[in-house]
1. Under a plain spin-label model, where a point goes 7 Å from the Cα along Cα-to-Cβ, how far apart in nm are Arg123 and Thr24?
2. How long is segment 233-318 along each principal axis, judged by its Cα atoms, biggest number first, in Å?
3. Give me the net charge of His82's neighbourhood, meaning all other residues with Cβ under 14 Å from the Cβ of His82; Lys, Arg count +1, Asp, Glu -1.
4. So what are the radius of gyration and Dmax for the Cα set of segment 162-261, in Å?
5. Largest first and to the nearest Å, give the Cα extent of segment 52-102 along each principal axis.
6. At most 13 other Cβ atoms within 10 Å and a DSSP loop assignment: could you name the chymotrypsin sites (Phe, Trp or Tyr not before Pro) in segment 361-418 that fit?
7. What number, in percent, do you get for the relative contact order of the chain if the mean sequence gap of Cα pairs under 8 Å and at least 6 apart is divided by its residue count?
8. What lysines does Lys154 reach when the alpha-carbon gap must be under 18 Å and sequence neighbours fewer than 8 apart in one chain are set aside?
Amino acid sequence: MNAADTDASLVAGHDIRKTFRRNTSEFVRALDGVSLDVRRGTLTALVGPDGAGKTTLIRLVAGLMTADSGTLTVLDIDVARHPQEVQSRLGYMPQRFGLYEDLTVQENLNLYADLHGITASERRERYPQLMAMTALGPFTKRLAGQLSGGMKQKLGLACTLIHAPDLLLLDEPTVGVDPLSRRDLWEILLQLVHGQGLTVLLSTAYLDEAERCGHVIVLHGGKVLAQGPPQQVSALAAGRTFLAEPPPGQKARELQARLLDDAHVIDAVPEGGFVRLVRKQGDGDARDLRDGALANVGVTQTPARFEDGFMVLLRQAVGEHPIGGAMTLDRPVAGHVGAGEAIVEVRDLVRRFGAFAAVDHVSFAVQRGEVFGLLGPNGAGKTTTFRMLCGLLAATAGTLKVAGVDVRRAAASARQRIGYVAQKF
């Protein structure tokens, strides 16, 4: 790829505006004067919270809707006038990809190859490449509905790439994907961009993913807050990022709650037993942070990263309105568990589906006031364990207690003490 190709814009938009009307007759401006430039052979991220306008912008680029005003060219084509000409040359993967769950992996690939008019000789060349890239080769006969979330996304990506597009659009491709599959998907994307020169425009709410891109466009409330290399966003928090060590006897999350209520703190998150914080501009260095919530707390300066700069941008966008803060309960949590005792106790928990052990002799305890996480890839048994703790699924063997109540013997009583948010609420 020569320099001229690298400098070419595959997506160029100027002053794009898009408004929707809700059922309440209220008008919502999804995009408000957005301009963007996506260069050939780059990995560009649209990053921002829910409602920032990411999906709307992706759909405009894909020619699935038209802007109210502004200009947008994709592959040197006016996408509003010639959407089908653009669509024939790009690959688009929405948040919910249209896989047919009652078809196998191979049958889904064949279907999308038929839709794009891929010849038999082209399939013989591309199928092995796609299967090797996604590691789906051993699963070609498996129904798509029986794949894990991460494998479904990889199959969706393979179907999107079946016709070798000039531009790849991905709308939050890693939402709901386990950490291992998310890593695999990113390895594939980086290979496509750096190894094959494909141009990729994706949207994400994950700041660590945006940091891995060559170019970022930060959106909030339909407006562009910043765009450029991720390092430019990180630089906004340079000299304002610190690590605070909680005093003896205090947990990191307790210190975090205090810091989030401090008017001089933009952001505070636990990190490896410390609390990472971003101060307002002009609030001093580490020697000047010994007041207020940081009294008697060890503080050291640390290099800024993309997340820190993003929070600076977000604070500038929302003004003095709090981005986050500590929540206090009006009344203490009811229960019969004393201080220092386990509020959740699981011992040798087993759940079998026929010969398959979804949960195999799992034991853990959760103390009152503790944030406890179950981490693992799709199929590890996390959701099955949650459903047994809520009494929604009977355990095959083992002990489950919530606030002193035996879930296996009194599931209804235990559920009264639990707040449960499922994957699909």
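Taken together, the values in this text are just the output of simple stated rules run on the coordinates, not laboratory data. Predicted, not measured: the structure shown is a model, and the values here were computed from it. Don't worry about glycine lacking a Cβ; one is built from the backbone with ideal geometry, like all the others, and counts go over all protein chains shown.
1. Here the modelled spin labels are 5.1 nm apart.
2. Principal extents (Cα only, largest first): 35, 23, 22 Å.
3. That sum, taken over residues with Cβ under 14 Å, equals -1.
4. According to the Cα coordinates of segment 162-261, Rg and Dmax are 18.0, 60 Å.
5. Principal-axis extents of segment 52-102 (Cα, largest first): 41, 27, 13 Å.
6. When the chymotrypsin sites (Phe, Trp or Tyr not before Pro) of segment 361-418 are filtered for loop state and at most 13 Cβ neighbours within 10 Å, Phe372 remain.
7. After rounding, I find 13 percent.
8. Cα-Cα hits under 18 Å: Lys141.
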